[in-house]
Amino acid sequence: MHSATIKIINVQQARLNNIYKNTKLKLLKTNVAIWFNKICMDRQLKPKYISLKINGQKQQDKRTTTHAIRFCINQEIKFLYKKKQHLNQQLYQMQLECAIQHTTVCGSIYKITYSQSTYLPALETTQT
């Protein structure tokens, strides 16, 4: 048989844990999107999600296109930073809720072990 540790948790703790993991994953994806947009800004690249149609091939038209692309990327970065802030707040709330759940479980475990530890010295004195 394989020895495996089994963590016994209730449904509420599992739910909070899954929500926390999913929110953390969203936060990581948002960080990657911010990084991608900043790289596009630095290297003056146009991401595929931006579609602009400007008629003409003059220098003015090209300048207008580059400014419009830069503006779209800046707006996207601003949006992603707001999303990141919101996700960080959600993660903080989830950590607080998990801590509350954990302390209630630990508190009940502490009560059980404390009540058992009061009986142990009595058993040791009777055995000696």
query = For the modelled label position 7 Å from the Cα of Gln90 along Cα-to-Cβ, which residues of the range 21-65 have backbone nitrogen atoms closer than 18 Å?
reply = 21-34
query = With the calculation restricted to Cα positions, what are the radius of gyration and Dmax of the range 11-110 in angstrom?
reply = 21.3, 76
ask   = Under a straight-distance cross-link criterion of Cα-Cα below 22 Å, which lysines are reachable from Lys58, leaving out those fewer than 8 residues away in the same chain?
value = Lys46
key: Inverse of mean 1/r across different Cα pairs in the range 24-64, Kirkwood, Å   = 12.3 Å
task = Take the cross-link list Lys26/Lys53; Lys26/Lys48; Lys26/Lys62; Lys62/Lys82 and give me the ones stretching past 25 Å between alpha-carbons.
result = Lys26/Lys53; Lys26/Lys62; Lys62/Lys82
message = So if each residue of separation counts as 0.36 nm, and I subtract the Cα-Cα distance between Ile50 and Phe79, what length gain in nm does that give?
response = 9.0 nm
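Bear in mind these aren't lab numbers, they're just calculated from the coordinates by the rules spelled out. Everything numeric in this text was worked out from a predicted model, so none of it was measured. Neighbour counts are summed over all protein chains in view; Cβ atoms, including those assigned to glycine, are modelled from backbone coordinates with ideal geometry.
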